[in-house]
1. Relative contact order of the stretch B:53-172, please, whole-number percent, based on alpha carbon pairs below 8 angstrom and at least 6 residues apart.
2. Between residue B:103 and residue A:61, what FRET efficiency follows from the Cβ-Cβ distance if R0 is 22 Å, with the result rounded to 0.05?
3. Between residue A:82 and residue B:309, what is the label-to-label distance in nm when each label sits 7 Å out along the Cα-to-Cβ direction?
4. Rounded to the nearest 0.05, what FRET efficiency do residue B:166 and residue A:289 give with R0 = 45 Å and r taken as the Cβ-Cβ distance? Could you check?
5. Run the numbers for residue A:233 and residue A:254: contour at 0.36 nm per residue of separation, minus the present Cα-Cα distance, in nm.
6. Given 25 °C and 0.890 mPa s, how large is the Stokes-Einstein diffusion coefficient of the protein assembly as shown in µm²/s, with Rh as the Kirkwood radius over Cα pairs?
7. In nm, to one decimal, how far is the residue B:197 label point from the residue A:108 one, both placed 7 Å along Cα→Cβ?
8. Between residue B:248 and residue A:246, how high is the FRET efficiency from 1/(1 + (r/R0)^6) when r is the Cβ-Cβ distance and R₀ = 25 Å? Nearest 0.05.
């Protein structure tokens, strides 16, 4: 029986040991059952997938365990429909009815309230999804959790996001890192809280790429368009010019989307390196080492996989993303096993219903 | 619970255990992260005990729950101690394996039935549910009491916020026209909406609206009579509730339960009827017009004009609402023309003055509100 785990100098603390063939035996029956149940099975499918992914992931010397169930995810979904879906539906109905009667201002006001509550609940949902995942993740029988319900975080989420966008979006990096810190600082694993002090300064330079984009794109477009035109002249005649023009336009559109996508990837790659690197738990420090190129490879791989399997490959995306995440996640430091006692946080009996309804990722 | 590291002596007294009654085991007591490595012994009657150098746990096989399968091991939980974890090798002696809970793979129902059987049963239930959902508007719509429909209509649009045009002369002319195409004692409510669109709608709750745009381009009162009779037909044949249910069902399918935008007045304007419903409404219109001796030729020329403007045979799908969802204009023009059976002389449905009152109704109403969506 060891009293502590020292990870300095050893191999990666997180090792993923799954393989896609085993995962296919989980994912393909899941797909079948999800289809024949008109989607209802997907909650159980999610639980099965996570059980597999977690159990094939080793942290130091013990595998993770996913202790969540499909039923609780289903209940979470039903709760969201009853508690938020129906009131939202009713509010929208009343708003429309008021507008039809000529009370445009009140109607629009009610509509705005509905939208604002969605905004607020989106923040709460992000918090609760993370809390749910931590509370269902076990390592050496110990789980995580949070004592907060995330309702205050929802308010922070609203005002920080709004403030982030106000000065031409310049404070978006601040709002993102600050929300990351706030959310993770409220989380714990076993008896100890996470700490996060990510700084916006670390990602700000990358964020400025978004502002540079229009200029780079404009020049790029001129070049692409011009090249198209020249190619057209090469073919010759009216037809040639038309073809050249079309080639040019396609080039511009591709350049635009790929360029913007690339900037977004570059930013998020940096963002995750920064925020994970600034997150600690007790004496453990984490790092996430995926470069922009790693992300690009992951996304291109995703796209190719889905296209060349005529869409069927999408069931493997969660596998690929988890593997990517675990491959690049590192941890260092020391864990004292005797002091790592069971979490005393309350656990919700339902799953991440809100987030599921809004279809967002957790981390 | 896990402080049970007491009397090993009771075990020392018993017979030496057969090797088959002992397997290596690891467990966590759930209070901390310390791993206990030792052996699991069992007595053949469901009593199990975990023994390590530092601790001993007695437990009952009936208390164990299957957790998950790992690469070469299986994880069990305890019902009475939710944080407890027991990890056993996969190749257990049959005597022990038979006492442990079976694996659960897909979830209780599917495990019980088997994947193939479960998939077949789920498919059948799903097909039935989809069929029920798809056909519900047709059989449920007409069965919803008219009073409910009126309440729904009231809730959705009320009186349209004063955007219905009123002048004494116009109201009288409209009432006269309506009386000819809606002989029932309790009339539908008809109005001319201050909206510049060539369209007309039947709303939930027996309310029919002609849009001012349609009134303006009408060349004879008979044209208006045809359109009005058609919309009254939708109300009398109970098509509105069916269309409303279908619209609701579609929005549920398309956007989950969130149908805020498609559900209000905008949605009503784009609400479509099936072609069969359109034919029924046309049949109703022709029957009423024949009863009241109104010329169907007006309606015929209206459709001929529509056919010319909107490309004839095919319905332009880009056009929402009344024109687009109807059977082809040429076909309908022919049906109305056939209804006249060569007769051309009919008494006018309303006088020229009354027709003029309808045309100027919106312009002359000083109180009418503009119709604008946001």
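1. Computed over the stretch B:53-172, the figure is 14 percent.
2. Once rounded, the FRET efficiency stands at 0.30.
3. A separation of 5.2 nm, rounded to one decimal place.
4. 0.05
5. Result for the pair: 5.4 nm of gain on full extension.
6. 77 µm²/s
7. The modelled label-to-label distance comes out at 1.9 nm.
8. 0.05
Read-outs: derived from the displayed coordinates by stated rules, not from any lab. Predicted model, so just to flag it, every value in this text is computed and none were measured. Neighbour counts are summed over all protein chains in view; Cβ atoms, including those assigned to glycine, are modelled from backbone coordinates with ideal geometry.
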